[in-house]
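Single-structure report; data block below.
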Amino acid sequence: RSSQLRGEAKTKLIPLVEAVYGFDTGRGRKSIRANRKLAAALKHEKGYIYKYLGDGNTDPEGLYKNPIIRKGICALWFANSHDEGIEYSNLFNPMPIYLIPCQFVLSLSFLLR
C-alpha cells in the first residue's frame, strides 16, 4: 500500500510542487541552476511551509498557509469519488493532523530530487 501511495503522490504532487513553488520545467543549464537555487531557498529554515518565502531582507510569512498544503491533500485524498478521503469520509472528518506532515514529506522528497 505504501508503494502505491508513493507512486500516486509522485504523479499528483510533482506538477503541484512545480506550479506552486515556481520551478522551471526546462532541462537547460540555466533552468537547472535556477531550480537548485529555488530548492535551496525553500529548504532553508523550512521555507517550503510558508505562504511567502521572503526575499532575504524580509522574514517568511504565513506559516502553514502555503497553498501546497490544501492542494496536495485534495489531490491525494479527495480528487475523485473513489479516493480514500471520499470513500472513508468518517476517517477524514476532522482531517487527521498527521496527514499534513505526511503530505509535506512527500512534497519535500520530490523537491530534494
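Go through segment 35-81 and report how many residues are within 22 Å of G7 (Cα to Cα) and either in a helix (DSSP H, G or I) or open to solvent by less than 50 Å² (accessible area, probe 1.4 Å) (or both).
13
Sort out which residues of segment 62-113 are of a type in the set (F, W, Y) and touching a helix residue (DSSP H, G or I) at 6+ places or on another chain (Cβ under 8 Å), and write them in order of number.
Y64, W77, F78, F92, F104, F110
Go through (1) surrounded by 13 or more Cβ atoms within 10 Å (Cβ to Cβ); (2) within 21 Å of P15 (Cα to Cα); (3) not small (G, A, S) and name the single condition V105 misses.
Only one criterion is unmet by V105, namely (1).
Checking the conditions here, which among R1, R29, R6 is at pLDDT 85 or above, out of contact with any helix residue (DSSP H, G or I) (no Cβ under 7 Å at 6 or more places or on another chain) and of a type outside the set (A, V, I, L, M, F, W, C)?
Exactly one residue qualifies, and that residue is R29.
The values are calculated or read from the model by the stated rules, or taken from the named source; none is laboratory data. Since we're looking at a predicted model, the values are computed, not measured. Heads up, the Cβs are rebuilt from the backbone with ideal geometry, glycines too, and the neighbour counts pull from every protein chain shown. Heavy atoms of the whole protein, side chains included, go into the accessibility calculation; ligands, DNA and RNA do not. Shrake-Rupley method; radii C 1.70, N 1.55, O 1.52, S 1.80 Å.
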